[in-house]
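The values are calculated or read from the model by the stated rules, or taken from the named source; none is laboratory data. Treat the numbers as computed from the prediction; the structure is a model and nothing was measured. Cβ atoms come from the backbone with ideal geometry, glycine included; neighbour counts cover every protein chain shown.
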Amino acid sequence: MILCFGCGNQSGPSSAAEAATTGSDLTSGITDLKPSTYQLALDKSLESTPIDRLCKESKGYNQNEWEGKNACGWAIEKFRIEQNSKLVERKEGNLVLNLESGSMEIDHPTDAGNPISSYYQFKGYVKGPNAFIILTQKKDSCPQYWLIDRKDGRKTILNGLPVFNAQQDAFVLSQASQQASTCNNDLEYWVLKNGQFVKSWSAKPDQDVYDMVWAKGKTWYGLVKSEGQKVVSSVQINPG
């Protein structure tokens, strides 16, 4: 069975119970952090994924019409697909996800001779919630991430990359994008309830927060800004 792209159920932070636990002006869970503390946590988080650290040295993943575009990201995708070859593959340019109920094919809109204005990229598979993470990027738009349930293809749309804790039953994301200054800078905290992730906390910091990393417990760190590769300022996010 093949499930077509766009046919999966979509879920988002819309329930009354969820709305009652979120607040756009809640910043009490954000505090300043020593850059060295953030850097140590980042180093630890990259121990199991050295491909991310070597990204800038990559010559890229030459894949059809995406050749040379976001080369580093495609090199990482190639690595992650190879690591999850039983669950996902690239087939004639499209992403094919192996669901428990069949296959889901995510096709790229293409037009011969014209630049590609959008793409979909496999960002990983998380065992805890049994879900795929897919980046969807459209020209002149803020990035979105899809959390696709491997059981039935249910799709949760996120406006930032989810950074999971060790138990993979909660994650934090930042909506800010270094590539698009018009994106919101909200931080969000999501938890797994009854087999589905729901947003339980949100905050709007004074500055954009990037490059989230889980530290321990219910604590995440984030980079406020950087100059080249040097960490200038960072924050601690503790949703409580």
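Side notes on the structure shown:
- The stretch 94-134, residues that are at pLDDT below 85 and either among the β-branched types (Val, Ile, Thr) or over 21 Å from the mean Cα position of the chain (by Cα) (or both): 109, 110, 111, 112, 113, 114, 115, 116
- Filtered by the rule that a residue be surrounded by fewer than 19 Cβ atoms within 10 Å (Cβ to Cβ) and closer than 19 Å to residue 215 by Cα, the stretch 165-195 gives 165, 166, 167, 168, 169, 191, 192.
- For the stretch 72-100, a tally of residues being exposed (fewer than 13 other Cβ atoms within 10 Å of the Cβ) and outside any helix (DSSP H, G or I) returns 5.
- Residues in the stretch 167-183 that are assigned to a loop (DSSP other than H, G, I, E, B) and within 17 Å of residue 236 (Cβ to Cβ): 1 in all.
- Contact map, the stretch 34-46: first residue closer than 21 Å to residue 76 by Cβ and without any contact (Cβ under 8 Å) to a residue 40 or more places away in the chain, second residue in a helix (DSSP H, G or I) and not basic (Lys, Arg), Cβ cut-off under 7 Å, separation 6 or more or different chains; pairs are 46/52.
- Residues in the stretch 177-207 that are closer than 28 Å to residue 167 by Cβ and modelled with pLDDT under 85: 177, 195.
- Across the stretch 53-71, the qualifying residues are those that are part of a helix (DSSP H, G or I) and surrounded by 14 or more Cβ atoms within 10 Å (Cβ to Cβ), and the one among them that is modelled with the lowest pLDDT is 65.
- Taken together, the residues in the stretch 73-107 that are of a type in the set (A, V, I, L, M, F, W, C) and touching a Lys or Arg at 6+ places or on another chain (Cβ under 7 Å) amount to 2.
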